[in-house]
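The values are calculated or read from the model by the stated rules, or taken from the named source; none is laboratory data. Computed from a predicted model, the values in this text were never measured in an experiment. Glycine gets a Cβ as well: all are built from the backbone with ideal geometry, and neighbour counts include every protein chain shown. Please note that ligands, DNA and RNA were not included when accessible areas were found on the heavy atoms of the full protein model with its side chains. Shrake-Rupley method; radii C 1.70, N 1.55, O 1.52, S 1.80 Å.
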Amino acid sequence: MKSYQNLIILQNLYRMKALGFEYIEPVVVNQKTSLHLPDALPQLHQMISQCHLCDLSKSRRQSMTGIGNPNARIMLVDGHVSMAEDESGTYYAGRSGASLQKMVENVLGLSCDDIYLTHAVKCKPFASQQPSPSEWNSCKPYVLKQIDIIKPEIIVALGPDAYTMLSGDETPFEQVRGQRIKFADTYIIPIYHPQFLLRNPSLKKETLFDLNTIKGYL
């Protein structure tokens, strides 16, 4: 939001300069500006796909809105869009996406159409960097609104980034992984990210245990 507001202010300053103004009173940015979000997923998805609230809109190929069952009992939240997802425009892309699909189908015993998958930050960060706080703050209303509309029984946070952004909790990830943590009217269960498991296959046993724990809550 702040980036978008700065753009509007800059455009207005150039316009004033073209009109011959040399000085204006300082501009105060309204930091309390809030988005008016629709209460239906199709309209919310359309709004997300056209979002330009932060600088990531300049480098992305598209915003990834979310996919799956709008009445899902389980909602998966990834930290941000991966390069493979951004390039293909599809979910469950690349080796990480294929691993996630196997977790859902082979362990949870569900179809990917049964769950809902989205991202905390809806676009791919610059140069594989982590999203900045301002970029997360721009996306935060969207993912919270998705949670409010879908009302999942369990939110599975994929990795520490997704968990910390959603919850605001900076507890070391190993202390919260696999725990059912109260979040608004539902619960978050953080698990290892599939990409992390590809680099650390010895931790797949812990993730299998966590996924079976999630399955037991359904």
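Summary of computed values
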read-out: Efficiency of FRET between L144 and K204 - r from beta-carbon atoms, R0 30 angstrom, step 0.05; value: 0.45
read-out: Cα gyration tensor category, rounded, prolate or oblate, for segment 65-182 with a/c compared to 1.5; value: rounded
read-out: Solvent exposure ordering (accessible area, 1.4 Å, most first) of R177, R61; value: R61, R177
read-out: Stretchable slack from V107 to E153, in nm (0.36 nm times residue separation minus alpha-carbon distance); value: 14.8 nm
read-out: Shape category assigned to segment 168-209 from the gyration tensor of Cα positions, a/c cut at 1.5; value: prolate
read-out: Gyration tensor verdict on segment 106-145 (Cα atoms; rounded if a/c is under 1.5, prolate if a/b is larger than b/c, oblate otherwise); value: oblate
read-out: Estimated distance in nm for a label pair at T213 and F126, the labels positioned 7 Å out from Cα along Cα-to-Cβ; value: 3.8
